[in-house]
Amino acid sequence: MDMCKGIITFLLVCVSLIERSDAALCGSIAYNPAFKTCCKGVLNNYRENACCGIVAIDHTVKSCCKGVVNNYKGNACCGTVPIDNTVKSCCKGVVNNYKGNACCGTVAYNQSLKTCCKGVLNNYRANACCGIVAIDHTVKSCCKGVVNNYKGNACCGTVAIDNTVKSCCKGVVNNYKGNACCGIVAIDNTVKSCCKGVVNNYKGNACCGTVAFNQTLKTCCKGILNNYRANACCGIIAYNPSFKKCCKGVLC
Ligand SMILES: *[C@@H]1O[C@H](CO)[C@@H](O)[C@H](O)[C@H]1NC(C)=O
Ligand SMILES: *[C@@H]1O[C@H](CO)[C@@H](O)[C@H](O)[C@H]1NC(C)=O
């Protein structure tokens with residue numbers, strides 16, 4: 001026992017001698033790299049082949065993931081956890097016990113079997129997304145995030161339409177193909193007029209309030225239609241100043 005103590009004492013003296021003689025600096029502390037490891041200025045009292053943050057580790061048996069020591073050797077890190085990425089997936093730092101080829105949010109999946117739409121996984125393969133729903137865009141339409149089981153060539157609000165036979169006026173579908181819209185109604189503006197959003201079944205060249213009229217035949221005074229042509233208005237009455245006078249809005 002005494003002999004042992006002697007050996008230990010000898011070793012300690014020896015080590016301290018080596019430390020002193022073959023010194024490196026860890027921060028301001030001198031040490032011997034043969035026996036200790038300096039990690040980011042912190043001295044670890046053992047010899048290792050790598051550092052994980054301030055901790056010295058054996059990188060052949062441990063992993064360092066985001067500065068966290070793991071007693072498991074993976075081939076990749078998922079957040080602070082090491083994984084075997086040949087059998088697991090890492091999606092946004094979440095470990096999936098499934099090996100996919102893509103991530104949908106934090107879930108790993110197989111792109112040839114499923115479709116991810118805005119972070120929602122659809123359990124079938126599709127070529128497009130409509131909001132969170134996966135669709136086949138060759139047979140369906142997506143209008144403002146609403147799926148239509150009809151393939152149109154345009155959207156009218158949330159409805160898919162064939163715009164060669166229908167019109168869309170302010171988001172309302174018209175089962176008629178016009179060349180203009182009057183409010184929510186489609187019209188043929190070569191035979192109809194639109195006055196303040198009201199359809200007139202007459203093609204005028206001007207509007208008097210909501211009524212279409214022909215300026216060469218009628219006169220509009222303060223929104224009232226006079227059935228004759230005049231070049232002035234006296235209040236709501238059309239008149240010809242060459243023949244009459246207007247006194248404070250009344251003919252006199
Ligand atoms: C995805 O699924 C396809 C079809 O079943 C398969 O061939 C492929 O190996 C899968 N890929 C992964 C990563 O699971
Ligand atoms: C207006 O009336 C004149 C005279 O009858 C006519 O020549 C013209 O074509 C009319 N215009 C419209 C737009 O109806």
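The values are calculated or read from the model by the stated rules, or taken from the named source; none is laboratory data. Fair warning: this is a prediction, and the values are worked out from it, not measured in the lab. Cβ sites come from the backbone with ideal geometry, for glycine too, and all protein chains shown count toward neighbours.
Determine whether TYR124 is aromatic (Phe, Trp, Tyr), farther than 28 Å from CYS26 by Cβ, surrounded by 13 or more Cβ atoms within 10 Å (Cβ to Cβ) and within 16 Å of ligand 1 (Cβ to nearest atom).
No, not satisfied.
Condition first: under 21 Å from CYS195 (Cα atoms) and either touching a Gly at 6+ places or on another chain (Cβ under 7 Å) or acidic (Asp, Glu) (or both). Now tell me which residues in region 222-252 satisfy that.
LYS222, GLY223
In the set LYS177, LYS203, which member is at pLDDT 95 or above, of a type in the set (D, E, K, R), within 16 Å of ligand 2 (Cβ to nearest atom) and part of a loop (DSSP other than H, G, I, E, B)?
Numbers: LYS177 fails: within 16 Å of ligand 2 (Cβ to nearest atom).
On inspection, the qualifying residue turns out to be LYS203.
In region 186-200, what residues are within 21 Å of LEU225 (Cα to Cα), under 41 Å from the mean Cα position of the chain (by Cα) and not in a strand (DSSP E or B)?
Passing the criteria: LYS196, GLY197.
Does region 1-32 hold any residues that are modelled with pLDDT under 95 and assigned to a loop (DSSP other than H, G, I, E, B), and which are they?
Selection gives MET1, ASP22, ALA23, GLY27, SER28.
State the number of residues belonging to region 56-71 that are within 41 Å of the chain's Cα centre (by Cα) and either closer than 24 Å to ALA23 by Cβ or exposed (fewer than 13 other Cβ atoms within 10 Å of the Cβ) (or both).
Of the residues in that region, 3 qualify.
With the condition kept exactly as written, say whether any residue in region 210-220 is surrounded by fewer than 13 Cβ atoms within 10 Å (Cβ to Cβ), among the polar types (S, T, N, Q) and within 27 Å of THR164 (Cα to Cα).
No, region 210-220 contains no residue that is surrounded by fewer than 13 Cβ atoms within 10 Å (Cβ to Cβ), among the polar types (S, T, N, Q) and within 27 Å of THR164 (Cα to Cα).
Which ranges mark the strands (runs of 3 or more DSSP E) fully within region 88-169 that have 2 or more residues being touching a residue at least 12 places away in the same chain (Cβ under 8 Å) and within 30 Å of CYS182 (Cα to Cα)? Give the derivation first.
Details: elements: 89-91, 94-96, 102-104, 107-109, 115-117, 120-122, 128-130, 133-135, 141-143, 146-148, 154-156, 159-161, 167-169.
Result: 141-143, 146-148, 154-156, 159-161, 167-169.
Quick one: is THR60 more than 30 Å from LEU113 (Cα to Cα), more than 16 Å from ligand 1 (Cβ to nearest atom) and of a type in the set (Val, Ile, Thr)?
On the way: more than 30 Å from LEU113 (Cα to Cα): yes; more than 16 Å from ligand 1 (Cβ to nearest atom): yes; of a type in the set (Val, Ile, Thr): yes.
Against the criterion (more than 30 Å from LEU113 (Cα to Cα), more than 16 Å from ligand 1 (Cβ to nearest atom) and of a type in the set (Val, Ile, Thr)), THR60 qualifies.
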